[in-house]
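Data first, discussion second: the structure below is written as structure tokens.
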Amino acid sequence: MHDHETTVGFIGLGSMGCGMATRLVATGVDLQVFDLRPEAVQALVELGATAAENVASLGRSCKRVILSLPDARVVEQVLFGADGLMNSLAPGSCVVDCGTTHPEVTRDMAQRLAQARIALLDAPVTGMESRAAEGTLTIMAGGSDASYHRAEPLFQAMGESITHVGASGSGQIAKSANQMIVG
């Protein structure tokens with residue numbers, strides 16, 4: 001029996017997501033995963049994760065959900081689609097978006113979710129696929145202190161340099177600044 005307070009959802013098992021989800025399972029997180037590619041889900045189930053039937057069922061089973069999706073359009077669909085997280089997550093839930101989107105888009109999504117009492121943390125990850133698998137990503141998170149503290153143990157499993165950079169959208173801003181410095 002999964003407890004939706006402790007079960008964590010993970011949507012998007014691409015090259016980065018797969019490594020991050022693997023790290024979470026390896027550190028003992030009760031993880032429920034969803035991806036459009038069955039083989040990606042299967043690989044994680046073999047490591048000890050549980051497969052979710054769809055986004056809505058995952059939302060109903062978890063209070064914390066991590067998204068590792070290709071772009072804002074997909075995030076929007078997963079959050080606000082008819083069978084999306086906004087309609088299935090319980091009030092007081094927390095969504096962590098590890099993808100890279102625009103700060104404005106993030107703030108807009110955070111405001112929309114806040115109406116359903118769901119917190120959105122933007123925590124774009126920086127690092128290669130190999131670092132995702134090693135749990136040594138750089139994570140810069142934007143969002144409220146309370147939601148950051150709830151997600152912090154998950155960040156610690158996935159990354160080694162973790163910074164709470166401020167309010168919603170700040171993670172995105174910090175990441176783009178970081179890339180300009182590195183670039």
statement: Counting only residues 5 or more apart in sequence or on a different chain, those whose built amide H sits under 5 Å from that of ARG64 are GLY9, CYS94
message: With a 1.4 Å probe and all protein chains left in place, how much accessible area per residue does the chain have, in Å²?
response: 45
field: Accessible area of the chain belonging to carbon and sulfur atoms, whole % at 1.4 Å probe
entry: 54
Solvent exposure, largest accessible area first (probe 1.4 Å, DNA, RNA and ligands not counted), of THR101, THR27, THR50: THR27, THR50, THR101
query: In whole percent, what relative contact order does the chain give with Cα contacts below 8 Å and a gap of six or more residues?
result: 20
task: Let me know the shape class of the stretch 65-183, please: from the alpha-carbon gyration tensor, a ≥ b ≥ c as square roots of the eigenvalues, rounded when a/c is under 1.5, otherwise prolate if a/b is greater than b/c, or oblate.
output: prolate
- prompt: Once phi is turned into ³J(HN,Hα) by the Karplus curve 6.51 cos²θ - 1.76 cosθ + 1.60 with θ = phi - 60°, what whole-Hz value does each residue of the stretch 126-143 show in order, with x for glycine and proline?
  reply: 10, x, 7, 3, 4, 6, 5, 5, 7, x, 10, 6, 9, 10, 10, 10, x, x
- request: Before rounding to the nearest 500, sum -39500 (n - 2.57) across all DSSP H runs of length at least 4 in the chain and divide by the residue total; then give [θ] at 222 nm in deg cm²/dmol.
  value: -14000 deg cm²/dmol
- prompt: Using modelled backbone amide H atoms (1.01 Å from N, in-plane), which distant-in-sequence or interchain residues come within less than 5 Å of ILE118's amide H?
  reply: GLY92
- prompt: Pick from VAL75, VAL29, VAL105: which residue has the top mean-square fluctuation in a GNM of the chain where Cα pairs under 10 Å get a spring?
  reply: VAL105
- prompt: Once amide H atoms are built 1.01 Å from N in the peptide plane, which residues 5 or more positions from VAL33, or in another chain, come under 5 Å H to H?
  reply: PHE10, THR50, ALA51, ALA52
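The values are calculated or read from the model by the stated rules, or taken from the named source; none is laboratory data. Values in this document were obtained by computation on a predicted structure and should not be read as measured data. Areas reflect the complete protein model, heavy atoms only, side chains present, ligands, DNA and RNA absent. Shrake-Rupley method; radii C 1.70, N 1.55, O 1.52, S 1.80 Å.
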